[in-house]
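Everything on this sheet refers to the single structure shown next.
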Amino acid sequence: INVLVLGVDERGDDVGRSDTAFVVTIDTNKKIATVLSIPRDTRVKIPGHKWDKLNHAYAYGGTKLSQRSVEDLIGVPINYTVKVNFTSFVRLIDAIGGITIDVEKRMKYADPYDDNGGLYIDIYPGVQRMNGKTAIQYVRYRDEEGDIGRVARQQKFMKAFLHEFTDPRLVTRLPDIIKECSSTLKTDMSTYEMVKLAPVISAAAKEGLHGEWVSGTPLWIDGVSYWQPDIRHLRQIVAQIQGITV
């Protein structure tokens, strides 16, 4: 099962762009989960539009166009999509009781013009239990490493998030958590399907999340920066994730 997850920066007067994009592949037989992170500046051919950054696909045509663009990029169909905006992300993390992260370094950043009133990030290093407000600061933080560093942090966060599902106390609450969060997440997966997948995700969590990302090189075109994906390497990675022998 391939699930496209989009983290969207929605504004009151702007449809927004997909700030984060990754494909979660769940092998229901082997009970394995893999996340393939796609840098938001990845250069793709957006159906009906020109070559552009992947995150612009959402601005052009929402979740469906983002899905088609990702399917063309990775060469396999997406079964379900999940859209998470900043507000629903915070509610999701708070709903599961927070998340434990070993913060690797001091993270301090301020942009008074971002985030409808200003984005302020101030996190100290070390192991800590984060609520939703702090967690979203962690996954959004960018420094001189750019998107590549942020992809690594987001995968680290996803591993910690999945680890929460190994807590027996959380497993017993999963149906209620899913119902609560389904009102804040936008997905074409039914509540029944999510509840059915919960035991598989819990089993996969015990094996640990496998992380991959779209490798490539920086590229500048007409003064605009892109991430040029290594398509050959990407297709090899995707084949491995999908269990395809090539």
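The values are calculated or read from the model by the stated rules, or taken from the named source; none is laboratory data. Everything numeric here is computed off the predicted structure, so don't read it as measured data. Don't worry about glycine lacking a Cβ; one is built from the backbone with ideal geometry, like all the others, and counts go over all protein chains shown. Accessible surface areas use protein heavy atoms only, side chains included; no ligands, DNA or RNA. Shrake-Rupley method; radii C 1.70, N 1.55, O 1.52, S 1.80 Å.
Among the GluC sites (Glu not before Pro) in the stretch 116-176, those placed in a DSSP loop whose Cβ has at most 12 other Cβ atoms within 10 Å are 144, 145.
Tally Lys and Arg at +1 and Asp and Glu at -1 over the other residues with C-beta under 9 Å from the C-beta of residue 52: what net charge comes out?
Details: positive: 43, 45, 50, 53; negative: none.
Taking every other residue near residue 52 into account, the sum is +4.
In this label model, residue 224 and residue 31 are separated by 4.7 nm, measuring between points 7 Å along each Cα→Cβ vector. Full extension of the chain between residue 102 and residue 167 gives 21.6 nm of extra length, using 0.36 nm per residue less the Cα-Cα distance. Here the chain is scanned for trypsin sites (Lys or Arg not before Pro) in DSSP loops (not H, G, I, E, B) that have at most 16 other Cβ atoms within 10 Å, and the longest stretch holding none of them is 174-246.
Per-residue surface analysis assigns residue 32 an accessible area of about 50 Å², computed on protein heavy atoms at 1.4 Å probe radius.
Taking volume of the Cα convex hull per residue in Å³ straight from the coordinates, which label in (1) 115; (2) 230; (3) 132 is the correct one? Recomputing volume of the Cα convex hull per residue in Å³ here gives the entry labelled (3). Near residue 82, the amide H atoms lying under 5 Å from its own belong to 4, 5, 6; only residues 5 or more places off or on other chains count, and H is placed 1.01 Å from N. Given points 7 Å out from each Cα along the Cα-Cβ axis, report the residue 122 to residue 217 separation in nanometres with one decimal. Rounded to a tenth, the inter-label distance reads 4.2 nm.
Using a Förster distance of 30 angstrom, determine the FRET efficiency expected from the C-beta separation of residue 51 and residue 245, and round it to 0.05. Mind showing how you got there, number by number?
Values: r = 31 Å, r/R0 = 1.05.
So, using R0 = 30 Å, E works out to roughly 0.45.
Expressed as a whole number of Å, what is the distance separating the alpha-carbon centroids of the stretch 34-67 and the stretch 172-212? First find each Cα centre; the distance between them is then 25 Å.
Taken per residue, the accessible surface of the stretch 1-158 reaches 45 Å², heavy atoms only and a 1.4 Å probe. For the chain, hydrophobic long helices are taken as DSSP H runs at least 18 Å long by C-alpha position along their axis with mean Kyte-Doolittle hydropathy of -0.5 or more; these are 146-163, 191-207. Here the label points at residue 176 and residue 191, each 7 Å from Cα along the C-beta direction, are separated by 1.4 nm in the simple model.
Which value, in Å², gives the accessible area per residue of the stretch 160-208 when a 1.4 Å probe is used on the protein heavy atoms? Don't skip to the answer; put the middle values down first.
Numbers: 2800 Å² over 49 residues.
On a per-residue basis, the stretch 160-208 sits at 57 Å².
Solvent-accessible area of the stretch 42-176 (1.4 angstrom probe, protein heavy atoms only): carbon and sulfur portion equals 53 percent. Computed extension gain for residue 152 through residue 233, at 0.36 nm per residue and net of the alpha carbon distance, reaches 27.3 nm.
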